[in-house]
Amino acid sequence: MTAAAESIVRSGHPWLFAGSVRSQSRAGKIGELAVIYDREDRFLAVGLYDPDSPIRVRVLHTGKPRAIDEDWWRDRVGQAVSNRRGLFDGRTTGFRWINGESDGWPGLVLDCYDRTLVVKLYTAVWLPRLEQTTVLLAERLRPERIILRLSRNIQAAGLERFARKDATVLQGATPEGSVIFQESGLWFEADVLRGQKTGFFLDQRENRRIVESLATDRRVLNAFSFSGGFSLYAARGGARSVADLDLSAHALAGAKRNFALNQANRAIAACRHELIQAEAFEWLGAQRGRKFDLVVLDPPSLAKRESEKAGALRAYGKLAKLGLGLLSPGGILVACSCSAHVGSEEFFGAVRQAAARSGRKSTELRTTRHAPDHPAAFAEAEYLKAIYMRF
Ligand code: SAH
């Protein structure tokens, strides 16, 4: 391997790219263990081999040579579990147990919704190991069922030989409809078989809690609302009204059901809830005189690849400007980005610039990054950031 790749892997980065491999003892099969040697032929790391991806090896272990046996895997599950000890009480039954590379499981995500586990694979290297993985997870976490979800790139890769499809039930019974779980004491549903990601955006929990603390007596606009996560918290926090804005009728129907699930809460029952199905940029730009006192902007990733970064930054700036246009004096803007290709400072910069250009006086309240159950152990894994400003 090249010198640069050697020092990157040695420092703990989990990816070895195809272009950095100097020589290979034989052609490997997908998901096989690949041992990586340094330029002096000493053991450097061991990982999962992927002949079809530019990320040729996904590193599992670096340092001293070690057998990657069942005990080793069992220990890996145990570590992910113990890293989350004390993070959530019984009022939060939806959270992430395993966050891919950052938990030592490259390209594998494990989310929990009450007694349902959802394994989502972002690389096919796990397909030949799925049975072993399912047994291990079931042994440690004792779920009622385990669901498999596959990212689009795997679905497109023609891996029929593994006979695994998206939305397969690996263990237990197929759920009847969505799965109900709790987040911070609020009830939500997750469409674990068909929903985006694994059915819910678990990564925004901490931002939602902050929004709850800022919402008292405010008229709230939740743009890119999905199933109303931010809105439920705002309503519980005493918002006067919340408007969920999303392109997807399916997402808004979910928001409506999530409000229905929480009517036992007096503040939520008292909060006016509006659903707006529209393209967000268009809708925001078309409002004349309508005002909100708290605006949440949480668009989908606007840069799917590095080349889209500049355009994404302009779009974030535009979105912040549009959001600001609807913000009353004293109103709070919460702008989020989940684009891994856009760095947090660049994103904050775009929002701050939009704020400055508006000519309004503003106070930056805070910025936030990853949720504690979504650790980011290397730069490429950092995607979520949010900035809170009062105007
Ligand atoms: N804030 C949400 C997650 C947002 S995910 C939460 O806390 O759960 C992004 C959402 O944006 C999706 O629901 C998607 O349907 C919606 N969306 C994507 N493009 C959009 C557009 N141009 N206008 C409005 N909504 C859009």
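Readers should treat all values here as calculations from the given coordinates under stated rules, not as data from a laboratory. Keep in mind it's a predicted model, so treat the numbers as computed, not measured. Note that we place each Cβ from the backbone using ideal geometry, even for glycine, and neighbour counts take in every protein chain shown.
Whether any residue in the range 351-364 is hydroxyl-bearing (Ser, Thr, Tyr) and not in a strand (DSSP E or B) is what I want to check. Checked against the condition, which is being hydroxyl-bearing (Ser, Thr, Tyr) and not in a strand (DSSP E or B), the range 351-364 yields at least one hit.
Of all residues in the range 165-181, those satisfying the criterion of being surrounded by fewer than 18 Cβ atoms within 10 Å (Cβ to Cβ) and farther than 16 Å from residue 256 by Cα are 165, 166, 167, 168, 169, 171, 172, 173, 174, 176. In the range 10-67, counting only strands (runs of 3 or more DSSP E) that sit wholly within it, the ones holding 2 or more residues that are of a type in the set (Phe, Trp, Tyr) span 15-17, 43-49.
All of (1) touching a residue at least 40 places away in the same chain (Cβ under 8 Å); (2) closer than 23 Å to residue 111 by Cβ hold for residue 86 with one exception: (1).
Only one of 202, 170, 214, 186 is of a type in the set (A, V, I, L, M), closer than 23 Å to residue 300 by Cβ and more than 17 Å from the chain's Cα centre (by Cα). Can you tell me which? Steps first, answer last, please.
Details: 202 fails: more than 17 Å from the chain's Cα centre (by Cα); 170 fails: closer than 23 Å to residue 300 by Cβ; 214 fails: closer than 23 Å to residue 300 by Cβ.
Testing whether each residue is of a type in the set (A, V, I, L, M), closer than 23 Å to residue 300 by Cβ and more than 17 Å from the chain's Cα centre (by Cα) leaves just 186.
Taken over the range 365-388, the criterion of being surrounded by fewer than 16 Cβ atoms within 10 Å (Cβ to Cβ), in contact (Cβ under 8 Å) with a residue 24 or more places away in the chain and outside any loop (DSSP other than H, G, I, E, B) is satisfied by 365, 366, 380.
If you filter the range 1-32 down to residues that are over 21 Å from residue 378 (Cβ atoms) and of a type in the set (A, V, I, L, M, F, W, C), you find that the one that is farthest from the chain's Cα centre (by Cα) is 27.
Restricting attention to the range 316-350, the residues that are aliphatic (A, V, I, L, M) and over 26 Å from residue 218 (Cβ atoms) total 2.
Under the condition of being of a type in the set (A, V, I, L, M, F, W, C) and closer than 19 Å to residue 204 by Cβ, the residues counted in the range 313-348 number 12.
Across the range 74-121, the qualifying residues are those that are more than 15 Å from the chain's Cα centre (by Cα) and assigned to a strand (DSSP E or B), and the one among them that is farthest from residue 56 (Cα to Cα) is 116.
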